[in-house]
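The structure appears below as structure tokens.
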Amino acid sequence: MAMNTIMCVLTSVFRVDAQRSGSATNKIPAVFRLDEGTLLKIFGFLPVKDLLRASQVCTLWYRLSYDRLLWGAVDLRRFSKSFDDPENFNSHAVKRLAGNIQCLDLSGFNLSEENLAALATQCKGLRVLKLKSVTFSTDPRKKCKETRGGQSTVLFPKHLHYLDIRFSHGNPKVYRAIGKELGNIKWLGLCDAFFRSTLAAGELQTAIDSLKHLRKLDLSHCLLLKDSSLVHFARCRHLEVLSVRRCSFLTGSFVEVFLESCTKLKTLILDGISLDDEALRKITWNCSSLKHLELGWCSFITPKGLKSALPQIARIQTLEYLGLCAIGEEKALDDEILLKLGTSLACWGCKKLKSLNVSRSQSLTQDGVIAFKKLGTSVEMLDTTDCPGMEINAAKFSKKNDKNQNDQVFVQSNHPTEICGEEVSRNRKGSVSATQFARSKYILETPL
């Protein structure tokens, strides 16, 4: 049942029963005879806008509409323009929800220092805060709290476990305040503005040292991030996930340090960085316990470098996913290198690698994929989306498979559940393996 339908049904029942009861009688409308537990379950299906409307019906609905069970997790992204005024945001959003809220999404908002102070002082139970693409501003109508030294103090919520400020910008003082409140953070997403502000103030290393419990770090699209700054995060011994997607100034010299220091690291996402053959060759992959490794879109890797590195990567006994999409400007991966990978996997007995993404590889052909299958590797899902050499006649290929079952090619088809293929398509926007990985629990794109 649609959300609007639920609200309309409740409102209609209330109006009809009110008319039937009559103003001169004491009959209780049927809608009020529903127990509170049932009403709470119904309210749980309502979006924020309709839930606020329900709170205006009567005293009972007002009390139930602000129950802790309904406001533990709040997504206010669609109200970013409605709460543009700091006073309106503090009075209508923060004060009403302060005692209940645990997870809050304010992505896209324009937040002033006053807004952040309200969250810090009133939302004591807040543990998850999503501030993606937020503009941090200073409200000129309000005076900032002054310290003894005459410097303004920005208050930021404490005791957070999850904080995402990716793609945000604005007031440098806010980022400095954020750097002082990271002691309990487990999952963290940062932006260029954070590094720029904390580096200028000489506070970056102090902020990193406070990350004693960090497990997931997403620095995607931090275009100013360099290896010399990133390497300090290797002190986070409990780190399990590191994503530096599209950080174009990173050369990859940090990888070896992370693999040695962060022994619990399971997911490493390097796609789009400036990793080259020399840096790739220096990495000791076999000492790691990685489950997911993404090397796609690294344009400086050549066939020679990839051919040297893949046998070493094949020695990672825990590896479950390997991404090589468009590697080396789509030219680094060919049939020979794919076969060498398959041979190395069989040689080292790597039985956990189930998903291999080789999409957008111009030099890869159907014959190479068939030969790879014959090697008997553990790979069950091979993504060959947008590989020109994979364009074949589907009917002819199916007939060939009927003659020799060993020649079956396990490429992706249009249907998300089909793996052993009867059809190869180059028109899909995504692939099963890439989509599953993007929706997994390992990256910040997925809600908690």
query: What are the residues in segment 332-353 that are buried (at least 16 other Cβ atoms within 10 Å of the Cβ) and either closer than 16 Å to residue 293 by Cα or touching a strand residue (DSSP E or B) at 6+ places or on another chain (Cβ under 7 Å) (or both), if any?
result: 333, 334, 335, 341, 345, 350, 353
- prompt: Under 7 Å by Cβ, and 6 or more places apart or on different chains, what pairs join a residue from segment 193-219 that is free of Cβ contacts under 8 Å to residues at least 24 places away in the same chain with one that is in a helix (DSSP H, G or I)?
  reply: 198/175; 198/176; 198/179; 198/204; 198/207
- request: Kindly check whether there is at least one residue in segment 367-378 that is crowded, with 19+ Cβ neighbours inside 10 Å, farther than 27 Å from residue 274 by Cα and of a type in the set (S, T, N, Q).
  value: yes
message: Quick check on residue 223: is it free of Cβ contacts under 8 Å to residues at least 60 places away in the same chain, in a loop (DSSP other than H, G, I, E, B), under 22 Å from the mean Cα position of the chain (by Cα) and not assigned by TED's automatic domain parsing to the domain that holds residue 318?
response: yes
- prompt: Out of 163, 155, 199, which single residue is touching a strand residue (DSSP E or B) at 6+ places or on another chain (Cβ under 6 Å) and hydrophobic (A, V, I, L, M, F, W, C)?
  reply: 163
query: Looking at this structure, is residue 108 at pLDDT below 70, in the same structural domain as residue 156 (by TED's automatic domain parsing) and small (Gly, Ala, Ser)?
result: no
message: Here are the criteria: (1) touching a Ser or Thr at 6+ places or on another chain (Cβ under 6 Å); (2) under 18 Å from residue 243 (Cβ atoms); (3) surrounded by fewer than 23 Cβ atoms within 10 Å (Cβ to Cβ). Tell me which single one residue 297 does not satisfy.
response: (1)
query: Among the residues of segment 106-127, which ones are of a type in the set (A, V, I, L, M) and surrounded by fewer than 20 Cβ atoms within 10 Å (Cβ to Cβ)?
result: 120
statement: Residue hits (segment 281-302; in contact with a Cys (Cβ under 8 Å, 6 or more places away or on another chain) and within 18 Å of residue 314 (Cβ to Cβ)) are 296
query: Among the residues of segment 197-220, which ones are of a type in the set (Gly, Ala, Ser), surrounded by 15 or more Cβ atoms within 10 Å (Cβ to Cβ) and assigned to a helix (DSSP H, G or I)?
result: 197, 207
message: Among the numbered criteria (1) more than 22 Å from residue 218 (Cβ to Cβ); (2) at pLDDT 90 or above, which one does residue 147 miss?
response: (2)
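The values are calculated or read from the model by the stated rules, or taken from the named source; none is laboratory data. Small disclaimer: the values here were computed from a predicted structure and weren't measured. With ideal geometry, Cβ positions are generated from the backbone for all residues, glycine too; neighbour counts draw on all protein chains shown.
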